[in-house]
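Below is one structure, written out as structure tokens, with a few remarks after it.
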Amino acid sequence: MALRSLDNALPIAIERPKKQAKVVSQNQKQPDCVGVNDENKAPLPSTEAAIDYILSENLEAIHDPDSQIQGLVGGLESKDWLEICRSLNDTRRFALFHSALLLPILDKVLLVIVKSMKNPRSALCKTSLMASADIFKALGDVLFESPNSDAFDNVLLQLLLKASQDKKFVCEEADKTLKAMVESMTTPLPLLHKLHAYVKHSNMRIRAKAAISISHCVSKMEMDGMEEFGFVSLVQIAINLLNDRLPEAREAARSIVVSVYEALTQDEEQKQETWQNFCQSNLPAIHAQAIVKIVSS
């Protein structure tokens, strides 16, 4: 009898080994952290959320400032960001209560603060902005003395950058610091010269923030200060900003014009006539007309 072809035979089923249930011993430790999808366990608190932003009025003097000042720069340069935050708060305390000890190392401190402002960690950036504000309040015009002036230039640039970014709470803190900077200067003229460089910056947000600070500076200046900088130069700054893309810059330009107008006409009886003569004598006709309208409107 002929043998049946093997090609038509049913394949032999291969039995796979059954998986054994994994038994977890009671002595085995469960992991401390679970995945983000574990809805039965509360998420771990953010370290940044635990940072305490201390108001200036709640800061206290340092117990032993003479010894602690020795390690301040080292603490600011630490690789541990929490240690840097602590050192930044110590910097604020030195500025407010022991500024004489801070002055000899102020240029180094400012440069390290700039590094903290550049840090992507928001808590560190905000604390460095608060430290800058307290330094401004305590030292004011001293920041323009050599060698602090060059370090201050770097601080100013970072303040304008941080005030121009999208992260709201950093932006708001930078705005507060810029305001504290202007308010702390008894002689706003040196600051005005530094801010002037940013009026034509390619970044429109930086232009606007610089314009706002300039308008605050001009509103603080006495007649002599405006005259030294130049009335025409101040009005020219305003002209450059009047057609800016951002409304904050345009509003700052109008504020600058009003401040110059009030200074020039404070002792004049015919204020509008004096102002018109000034504009027509020093500006092209098209610009003179626009500037005159700001005051008359």
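The values are calculated or read from the model by the stated rules, or taken from the named source; none is laboratory data. Fair warning: this is a prediction, and the values are worked out from it, not measured in the lab. Reconstructed Cβ throughout: ideal geometry from the backbone, glycine too, with neighbour counts over all protein chains shown. In case anyone asks, the SASA skips ligands and DNA or RNA and just uses the protein heavy atoms, side chains included. Shrake-Rupley method; radii C 1.70, N 1.55, O 1.52, S 1.80 Å.
What the table shows:
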item: Cleavage-rule hits, GluC sites (Glu not before Pro), region 129-236, DSSP coil, Cβ neighbours within 10 Å at most 12; result: Glu222
item: Gap separating the Cα centres of region 90-133 and region 71-85, nearest whole Å; result: 11 Å
item: Percent of alpha-carbon pairs separated by more than 28 Å within region 142-293; result: 21 percent
item: Loop sites in region 72-161: trypsin sites (Lys or Arg not before Pro), DSSP, at most 13 other Cβ within 10 Å; result: Lys79
item: In region 182-241, the trypsin sites (Lys or Arg not before Pro) that fall in loop regions by DSSP, at most 15 other Cβ within 10 Å; result: Lys200
item: Sequence-distant aspartates and glutamates (8 or more away, or on other chains) whose Cα lies within less than 17 Å of Lys200; result: Asp153, Asp244, Glu248, Glu251
item: Set Lys176/Lys293; Lys79/Lys167; Lys79/Lys179; Lys115/Lys220; Lys118/Lys194; Lys220/Lys293 screened for pairs whose C-alpha atoms are more than 27 Å apart; result: Lys176/Lys293; Lys79/Lys179; Lys115/Lys220
item: Accessible heavy-atom area order of Tyr53, Tyr261, highest first, probe of 1.4 Å; result: Tyr53, Tyr261
